[in-house]
1. Under a 1.4 Å probe, what is the accessible area of region 4-52 per residue, stated in Å²?
2. Bin all alpha-carbon pair distances of region 66-225 at 5 Å intervals from 0 and give each bin's fraction as a whole percent.
3. Can you give the translational diffusion coefficient of region 1-47 in µm²/s, computed by Stokes-Einstein from the Kirkwood radius over Cα pairs at 4 °C and 1.567 mPa s?
4. Around Q177, under 13 Å between beta carbons, what's the net of Lys plus Arg minus Asp minus Glu among the other residues?
5. Work out the FRET efficiency for I69 and F108 from their Cβ-Cβ distance, taking R0 = 25 Å, and round it to the nearest 0.05.
6. Give a quick list of trypsin sites (Lys or Arg not before Pro) in region 115-152 that DSSP marks as loop, anything other than H, G, I, E or B, with at most 13 other Cβ atoms within 10 Å.
7. How large is the translational diffusion coefficient of region 158-204 in µm² per second when you combine the Kirkwood radius over alpha carbon pairs with Stokes-Einstein at 10 °C and 1.306 mPa s?
8. Computed over the Cα atoms of the chain, what is the convex hull's projected area averaged over all directions, in nm²?
Amino acid sequence: MARPVKILVLQFASIGDVVLTTPVVRCLTQQIPNSVIHFCTERPYQSIVEYSPFITQAHFIDQSLYKLIRELRAEQFDYVIDLQNTFLTSLIKAALGSRSYSIEKQSFREWLYVRWKVNAMPDQHIVDRYMATVLPLGVENDGLGLDYFIPYKDEVEIDWLPETHQHGFVAYAIGGQSLTRRLPVLRMIELCLKINYPVILLGDKADRKVGDELMKAIGERQIYNACGLYNLNQSASLLQRARVVFSHDTGLMHIAAAFRKKVYSIWGSTTPRFGFYPYKTPHVRLETPGLGCRPCSATNADNCPMKHFKCMNNLPFDFEVKELRTKKNFE
């Protein structure tokens, strides 16, 4: 029997970044005969990778990088696929000594765009840049989009929800890694009133206070604040059940894309032109047009440099959710 081809994939950045690697993992497994895929990431993202049928084993950086490297060296990998290309991943690659392939970063182009508003970014989704990393191995994009696997124990039953939300709902991921990637509370209220349909708010415990403000302003009949009540896989289950999804630039947006949900993506300080928009799913981009100050950040910023926050305060809600035409509960 031929020796397995052992491949290690590295990605530590965020929930969304890990979800966006799933086409790479699937294509490696299906296109390289006798391949065994290991995935190395942060412990908080364990639930994303541990149920994937395309990942044989997951490794996590906990307290000690030295311990992690010892664990990885014992596996004797044939290839390392670095989908982050940072100082940390470079250390790991050097310590393992395996043949490696790394994503080509766009740091200079991102800096040009943020600092001087010169858009030299490639017209390419980050997933396609990830896939270009494994092209030398003869692995090509199968075009099947993102994956997300929910174990049965984390599937949310419809009768667990308030009766008002058991016959259809919109999911709204209200979180975001920074304040400038989220609508202000008053604009969130305005958005939910515009949606005019039962809404389930999704986020972590840190988002619960904002969710309570929305529920208090609009009422429990329309708003169910699920922030902090469900783990990541359970939140994914709610996304899977939603009729449509509204989301700031956050990991739940990419999980919704994995379920081929129509996503209304909301953009503030960042921009979809960095290549992180919903992948292989119907989506609508909600942005403020004509702002010369965007983007002001490629990743996270907690304050508007111009002090006006027009990217979110002036963002037009001129969309129509055709999927909800058949039922208007709150007129």
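The values are calculated or read from the model by the stated rules, or taken from the named source; none is laboratory data. Owing to the predicted nature of the structure, the values given are computational and were not obtained by experimental measurement. Because the Cβ atoms are built from the backbone with ideal geometry, glycine has one as well, and the counts that use them run over all protein chains shown. Note: areas computed on protein heavy atoms with side chains; ligands, DNA, RNA excluded. Shrake-Rupley method; radii C 1.70, N 1.55, O 1.52, S 1.80 Å.
1. Roughly 28 Å² per residue, with all protein chains present.
2. Going out from 0 Å in 5 Å bins, region 66-225 shows 1, 7, 11, 11, 11, 12, 13, 12, 10, 8, 4, 0 percent.
3. It diffuses with D of about 113 µm²/s by this estimate.
4. -3
5. 0.25
6. Numbers: sites: R115, K117, R129; in loops: K117.
Filter output for region 115-152: K117.
7. 134 µm²/s
8. Its average projected convex-hull area is 18.0 nm².
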